[in-house]
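The values are calculated or read from the model by the stated rules, or taken from the named source; none is laboratory data. Since the structure is predicted, the reported quantities are computational estimates derived from the model, not experimental observations. Note that each Cβ is placed from the backbone with ideal geometry, even for glycine, and that neighbours are counted across all protein chains shown.
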Amino acid sequence: MPFAAVAARKEAMTFDGRETSPLRRLRAALPSEHGFWVMLAGAVASALFRAGMSPVSVLVAAVTAMLVIAGASAFHRRIRRSGLAQLAATLLLSLAALPIELAGGVPMSDAASATIARAIVFVTSALVVRAAFARTSRHGGHRTWGLHLLSVAIASSGATAFYAASRNRESIACAMAAGVCAVFAYHRPTVKELKLLGLTLSGLVLASATALAL
C-alpha cells in the first residue's frame, strides 16, 4: 500500500483503532454545544423576519451562518476552557444578525437596538449557565449569587433603558430575560439540572427572537 494511502488510513482512525466516516469526523469538528445552535438559529431567523426574505438577505444569512459555524468549529475547544471566553463568544454570536438586517434594508439604528437586545439575552443566559457550574466549586456560593444577580441586573437595566427609549420590542425581549433570570436566581439550579436549564434558556432565546421579529 502506498505511503500516502497508509497515512490517509491512519488519519481516519479513532483513538481506539476503529475507522470513522467523513460524516463522523465532520460532526466531531462542529460545535457540540446545544446553546450555540439555538442562539445562532434564533439570531438568523429573527434577522430574516425583520429584514424580509429577499435573495440578498437570504444569501447574507447563509454566508454569515457558515462563517460563524466555521469560526466556532475552529475555536470551540479553546472556548470551552475559559468562562470568560465563553461569554465573549456568546456576545460575538449576537452580532450574527447585524449584517443580515443591514443587507435587508433595516435602518442602522433599528438593527443596532435589536443586536444589543440579543446580546443582553444571550449573555444573561450564559451567566445563568456559568452560575450553575459555579455551584460545584468549593467556595462557589458567593460567585453563584453574584452571577445570578448580574444576569438579573443586566436584563432589567436593558428592559428599562429600551422602554425609556420607546423601543418596545427590545424592551419586551429584555424583560423576558429578566424574568427568567430572576426565577433562576431564586431557584439556583445545579449542573444536575442542566437539561431543564438548557430547555428553558432555549425557549427564552426563541421567544425573545420572536418578540424582536414581530
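Table for the structure above
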quantity	calculated
Residues satisfying the stated conditions in segment 144-166, i.e. closer than 17 Å to LEU212 by Cα, outside any loop (DSSP other than H, G, I, E, B) and of a type outside the set (A, V, I, L, M, F, W, C)	SER156, GLY158, THR160, TYR163
Close pairs from segment 144-159: first more than 11 Å from TYR186 (Cα to Cα) and without any contact (Cβ under 8 Å) to a residue 60 or more places away in the chain, partner in a helix (DSSP H, G or I) and aromatic (Phe, Trp, Tyr), Cβ under 7 Å, at least 6 apart	none
Given (1) in a helix (DSSP H, G or I); (2) over 19 Å from the mean Cα position of the chain (by Cα); (3) surrounded by fewer than 18 Cβ atoms within 10 Å (Cβ to Cβ), number of the condition SER137 does not satisfy	(1)
Count - residues of segment 81-107 that are buried (at least 18 other Cβ atoms within 10 Å of the Cβ) and in a loop (DSSP other than H, G, I, E, B)	2
Residue check, ARG169 under 29 Å from SER113 (Cα atoms), of a type in the set (Lys, Arg) and either in a helix (DSSP H, G or I) or at pLDDT 95 or above (or both)	yes
Residue that is modelled with the lowest pLDDT [pool: residues in segment 195-206 that are surrounded by fewer than 17 Cβ atoms within 10 Å (Cβ to Cβ) and either among the aliphatic types (A, V, I, L, M) or touching an Asp or Glu at 6+ places or on another chain (Cβ under 9 Å) (or both)]	LEU196
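A quick yes/no check of all residues on (1) surrounded by fewer than 18 Cβ atoms within 10 Å (Cβ to Cβ); (2) free of Cβ contacts under 8 Å to residues at least 24 places away in the same chain:
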| residue | (1), (2) |
| --- | --- |
| GLY42 | no, no |
| MET53 | yes, yes |
| VAL58 | yes, yes |
| VAL63 | yes, yes |
| ALA70 | yes, yes |
| PHE75 | yes, yes |
| ILE79 | no, yes |
